[in-house]
Amino acid sequence: MAISKQTQAHLSKGNFEAIEDEWLGHSSKQPEDLDYFVGVARALIGNNEADRSRFLLEILDDLLIEKELWEPRLKLLRRIGPTIYEPEDLHKAILVCLRSIYDDHSMYELLESKVGLDKVQKDPAKTWDRVDRLKALMGFDIGTPVWMVGRGAGRIVEINIALESFKVDLERHKGLMVGFRAAAKMLQALEPDHVLRQKLEDPESLRELAKQDPSELLRRVLVSYNSPMTATEVRQALTGVITEKGWNRWWTAARKHPQVLTQAKGRQNYRWAATSEDAFSALWTAFERAGIRGKIDLLKRNADRDAGLKKRMVDALHKAGEEVKSSRVGRAFEIWHALDRAGTTLTDVEWTPETLVAQSPNLLELVGGLDDRALRQRVYELVQNDREDWPQHFGRFIAREEDPRLLDLLLAGLTAEAPEERKSFIEQLLSQPRKNPAGFVWLAERASDDDGLRQHNPLRLLKQLLTALQDEAFASYRASRLVPLLESGGTAPKLLQDLEPEQAEPARDAITKSAALEGYQRDALVTSLELKFSDLRDDQDAPLYALESSIETKREEFRHLKSVELPANRKAIEEARALGDLRENFEYKSARQRHEYLSARLAALNSDLSRTRPIDLNAVQTDQVVIGTRLTLDGGEGSSLTILGPWESDPESDIISYESELAQKILGKRVGDTLNYSGTEYTIAAIEVFNPA
């Protein structure tokens, strides 16, 4: 409790003896009410009664010692200790509390020394800083169940004082070393009722619960984490409890419970409401506060929960559609389809999709307001079917569209009816790709199978593709769509075959100077180029380190190309030659180009395989960063990094080649060393052997 009105009255009258009586009576009943005692003590000091304040605090301190209330005493010392003790005596009092609190902890004495608490400090601030460090570490003892984000639950199996690290056996990572400083951020001690601890100690009971009561298991997960979770996070939490095969069935059943509340802020997530009524109330409140798209999303995800709730949502959206049908045509278009999908009868609605498209004065604005690909496709189809001026509109649509399938649809229409519009669009993408990243990526992908697009200006397209790989404007496309264009059969290798001799040297310069290419990608492209233009050839024999699985994959590719692909290609050449007139024989030219590619790829693979050296993970040591280790980084938002060979390199998954500039800078570093990664300063918190699983 805070200072009572009666205490305040005593203070105003200077009746300090009455305050003493009240203090003594309260301390005998509630000695842990520190807010009251600290408040009164400070008020006495403010009234020039410092000695009386000190006297009363000493009485309270003695009482807490007598009752062995060590945690409250430690809190009292932190809040007002200097009033009772001199710095050196305060330090001793703090140690008495800590040693009493952690009397049964196996590592207390060593950790007390490690954080420097065994040395007398005359600066209370420094003492308390070391207390905080100690308390953070004392939550972890040998055998303590813990959890690490992304790696599941496990136990602390060893504490290494010399290396200032914990050894942790997690369900997906055994023998992980975590530094003391990183432990407080990376490890979370699990309470007895946490679902991860239950999974660790009694997984069979959870498996049985998953069968008998799916929603109860989901409740335990959501309550354990006490924050909204995505479906992926729930799935990770239940790894080993719910099988891969049984996940969809369990998840469908579990989330049907009326107390499972679905939210969508960025990624869709789930939380557990106290009651079904609370869930419906929260949904309606969220619906009222949401914009039109938020309302549509909530109707879509919750229409089947409750008929009354659905009707309220439908009526509200119907009204919103009436209000925006003229001013925000795109939103009205979305609302109509949302109501239609919800099974609502729309015979009395005048603002149908056909009417909106036919009467809209600005179709580009209509399409620009639609994020849903299917809805934009519906608009394009209606425009092409119902409006005579559709080619003009298609030319505008294609410059703004990003979806590959819709770009195909629009381009097909322009190719048939408006070839000049098509040509202008392609030229713009090649000259200024940053203005339309999605369009350029689409163009680069289509060029893989379109000879006309490749042969238009192969060197220009190659250079723009290499530039896009390191341009932040293309970051979201890099791993999933741009990088595959560098691989065998992709656009980049095919572009090399379309180059003229005078373009070979500029092409090699562009490839070798590109910082976005991994070593194996650069070597493959240069090898293919040098095989076509022999004057460029330069022998290389540096060792290439790779995992056994990667080497075997490359060997299998080599065997397949040599024994299957190449013989089939030779047969195709002979069959095409039999058709006559090789000058106009497309099949023959295509087969010959395929032969050149296969020969180049075989030569590159043979060269690489001749210099491969396997990475032996069983021999990898973790005392420093070497090829085959995975680092846990502490800093920024936290991250990890794995050092492997160029064949395993996957920057989007934080796996880099030992040949990369970044890897060369960090090889040899140890736990506690710092490094700069993606513009952020990190500390190496743990080093472990890479686990291919």
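A compact table of results
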item	result
Residue count, the stretch 220-249 (criterion: open to solvent by 30 Å² or more (accessible area, probe 1.4 Å), part of a loop (DSSP other than H, G, I, E, B) and touching a residue at least 12 places away in the same chain (Cβ under 8 Å))	3
Where residue 274 falls short, out of the listed (1) farther than 30 Å from residue 335 by Cβ; (2) under 27 Å from the mean Cα position of the chain (by Cα)	(2)
Those residues of the stretch 396-434 which are surrounded by fewer than 20 Cβ atoms within 10 Å (Cβ to Cβ), in contact (Cβ under 8 Å) with a residue 12 or more places away in the chain and more than 24 Å from residue 474 (Cβ to Cβ), in sequence order	417, 418
Those residues of the stretch 277-288 which are open to solvent by less than 30 Å² (accessible area, probe 1.4 Å) and not aliphatic (A, V, I, L, M), in sequence order	287
Filter result for residue 480 (in a helix (DSSP H, G or I), touching a helix residue (DSSP H, G or I) at 6+ places or on another chain (Cβ under 9 Å) and either on the phi > 0 side of the Ramachandran plot or not aliphatic (A, V, I, L, M) (or both))	yes
Answer residue from the stretch 350-378, given it is open to solvent by less than 20 Å² (accessible area, probe 1.4 Å) and under 34 Å from the mean Cα position of the chain (by Cα) and is nearest to residue 329 (Cα to Cα) among those	366
Members of the stretch 512-532 that are in contact with a Lys or Arg (Cβ under 6 Å, 6 or more places away or on another chain) and either open to solvent by less than 10 Å² (accessible area, probe 1.4 Å) or at pLDDT 85 or above (or both)	529
Qualifying positions in the stretch 454-471 - in a loop (DSSP other than H, G, I, E, B), out of contact with any Pro (no Cβ under 9 Å at 6 or more places or on another chain) and crowded, with 16+ Cβ neighbours inside 10 Å	457
Candidate set: the stretch 322-342, residues that are touching a residue at least 40 places away in the same chain (Cβ under 8 Å) and open to solvent by 30 Å² or more (accessible area, probe 1.4 Å); chosen: the one farthest from residue 301 (Cα to Cα)	328
Checklist (1) in a helix (DSSP H, G or I); (2) open to solvent by less than 20 Å² (accessible area, probe 1.4 Å) applied to residue 311, failing item	(2)
Condition met for residue 74 (surrounded by 19 or more Cβ atoms within 10 Å (Cβ to Cβ) and assigned to a helix (DSSP H, G or I))	yes
Residue identified as surrounded by fewer than 22 Cβ atoms within 10 Å (Cβ to Cβ), touching a helix residue (DSSP H, G or I) at 6+ places or on another chain (Cβ under 8 Å) and over 27 Å from residue 469 (Cβ atoms) among 674, 632, 683	683
Residue in the stretch 229-258 that is modelled with the lowest pLDDT, counting only those that are of a type in the set (Val, Ile, Thr) and over 18 Å from the mean Cα position of the chain (by Cα)	239
Only listed residue being of a type in the set (A, V, I, L, M, F, W, C), assigned to a helix (DSSP H, G or I) and modelled with pLDDT under 90, chosen from 261, 200, 217	200
Any hit, the stretch 289-296, residues being of a type in the set (Val, Ile, Thr), in a helix (DSSP H, G or I) and in contact with an Asp or Glu (Cβ under 8 Å, 6 or more places away or on another chain)	yes
Candidates 630, 670, filtered to the one that is closer than 21 Å to residue 151 by Cα and modelled with pLDDT of 85 or more	630
In the stretch 556-577, residue least open to solvent (accessible area, probe 1.4 Å) [restricted to those that are without any contact (Cβ under 8 Å) to a residue 24 or more places away in the chain and under 39 Å from the mean Cα position of the chain (by Cα)]	560
Set 113, 53: member being out of contact with any strand residue (DSSP E or B) (no Cβ under 9 Å at 6 or more places or on another chain), polar (S, T, N, Q), assigned to a helix (DSSP H, G or I) and surrounded by fewer than 17 Cβ atoms within 10 Å (Cβ to Cβ)	113
Pairs, first surrounded by fewer than 16 Cβ atoms within 10 Å (Cβ to Cβ) in the stretch 584-613, second modelled with pLDDT of 85 or more and part of a helix (DSSP H, G or I), C-beta under 7 Å, six or more apart	606/558; 609/554; 609/555; 609/558
Test result for residue 301, surrounded by fewer than 13 Cβ atoms within 10 Å (Cβ to Cβ) and within 34 Å of the chain's Cα centre (by Cα)	no
Candidates 62, 118, filtered to the one that is open to solvent by 60 Å² or more (accessible area, probe 1.4 Å) and assigned to a helix (DSSP H, G or I)	62
Checklist (1) farther than 25 Å from residue 107 by Cα; (2) open to solvent by less than 50 Å² (accessible area, probe 1.4 Å); (3) out of contact with any strand residue (DSSP E or B) (no Cβ under 6 Å at 6 or more places or on another chain); (4) in contact (Cβ under 8 Å) with a residue 12 or more places away in the chain applied to residue 150, failing item	(2)
Given (1) at pLDDT below 85; (2) of a type in the set (Ser, Thr, Tyr); (3) surrounded by 13 or more Cβ atoms within 10 Å (Cβ to Cβ), number of the condition residue 553 does not satisfy	(1)
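Yes/no matrix, rows are residues, columns are (1) open to solvent by 40 Å² or more (accessible area, probe 1.4 Å); (2) modelled with pLDDT of 80 or more; (3) within 18 Å of residue 634 (Cα to Cα):
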{"residue": "124", "(1), (2), (3)": "yes, yes, no"}
{"residue": "157", "(1), (2), (3)": "yes, yes, no"}
{"residue": "173", "(1), (2), (3)": "no, yes, yes"}
{"residue": "178", "(1), (2), (3)": "no, yes, yes"}
{"residue": "196", "(1), (2), (3)": "no, yes, no"}
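The values are calculated or read from the model by the stated rules, or taken from the named source; none is laboratory data. The model shown is predicted, which means the values in this text are computed figures rather than measured ones. Neighbour counts run over all protein chains shown; Cβ positions are idealised from the backbone, glycine included. Heads up: the accessible areas ignore ligands, DNA and RNA and are worked out on the full protein's heavy atoms, side chains in. Shrake-Rupley method; radii C 1.70, N 1.55, O 1.52, S 1.80 Å.
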